[in-house]
Amino acid sequence: MTTGAVDMEAGLCHGRDMRWIVSLGLVWIAACGPEGGTRPDVPRGKVPEAMAPETRVDGKPEVKPGDPGGANTALERRLAAAGLVAVTPGPGLRVALVYATARNFTGRALYDDLPRCWLRPEAARRLADAAARLRARRPELALWVADCTRPVSVQRELWRVHPNPAHVADPTRGTSAHNHGCAVDVTLATDAGGETLELGTGIDEFAAGEKLTVTHEARLCREGTLPAAACANRRLLRAVMTEAGFGVYEGEWWHFSGCDKGRYPAVE
Ligand SMILES: [Zn+2]
């Protein structure tokens, strides 16, 4: 998310149930279930297999700028025609799109025709670079990507399903860097098993307030409000992402921007 942008976030609750999610103006508020949550099919702290339909275990993270190869839905063909590329998961880089499953506040999959992570080529190259940097330091870990390009049509659908401005931001009032193919939401987990690392909050755990932010992180780490492991893991995530050229969003530790959204039209 970038300044002034509308950004709808829903993601992993560290394996816990998502109990509710609302938006207050430009900010999504969500609550996850209790620790050791009740979702029977998803072990706590594990990225659900069903959320990673395109994850491969062989091959290297790979992008082919300008190559629309593999575009196999109408939306993907449209994204490819608009110059976006699909990120190929591999060691160090996994994809588990939250809107590709029903585990979001609408209760249904909104990316039924978007199974993969699509990005502008420069953002995709940076993501692969970040994954390689992580792999060089911690080969047992991977970047787990929860959202990439988010078509404005999805934002409109969220509004259609729940047209309450107290809960859902009106997409006619602004766009997110996700809508332009520039932003990624990403967390750290084990490469092989998808066991999420301690990062202080889930990526959609907006009820955690300032614990979500980068802005207040240093103080929260000094105070011990954020566990030392979470502080170290966040620093690792930010290090590999920023070294690869991503910009940090101060409001959300998981959101990074890999290109200037003003240079690209929003994806419908
Ligand atoms: Zn985001």
Inter-site label distance for Asp260 and Thr225 at 7 Å from Cα along Cβ, in nm: 3.5 nm
Once Ala136 and Glu268 are pulled to full extension, the length gained, defined as 0.36 nm per residue separation minus their Cα-Cα distance, is 43.9 nm
Hey, with R₀ at 25 Å, roughly what FRET efficiency would Ala232 and Glu210 work out to, going by the Cβ-Cβ distance, to 0.05? 0.85
Cβ-Cβ cut-off under 13 Å around Leu199, Lys and Arg +1, Asp and Glu -1: the net charge is -3
At 7 Å along Cα-to-Cβ for each site, give me the label-to-label distance between Glu157 and Thr73 in nm. 0.7 nm
Taking r as the C-beta separation of Ala239 and Arg108 and R0 as 35 Å, the FRET efficiency to the nearest 0.05 is 0.45
If a/c stays under 1.5 just call it rounded; otherwise compare a/b with b/c (prolate if a/b is bigger, oblate if not). Do that for segment 75-122, with a ≥ b ≥ c from the square roots of the Cα gyration tensor eigenvalues. oblate
Which shape class applies to segment 79-225: rounded if a/c is under 1.5, otherwise prolate when a/b exceeds b/c and oblate if not, where a ≥ b ≥ c are the square roots of the Cα gyration tensor eigenvalues? oblate
Please report, in debye to the nearest 20, how large the charge dipole of segment 170-228 is about its Cα centre when each Lys and Arg carries +1 at its beta carbon and each Asp and Glu carries -1 there. 260 debye
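Each reported figure results from applying straightforward, stated rules to the coordinates on display, with no laboratory input. Quantities reported herein were computed from a predicted structural model and do not represent experimental measurements. FYI the Cβ positions are ideal-geometry reconstructions off the backbone, even for glycines, and counts take in every protein chain you see.
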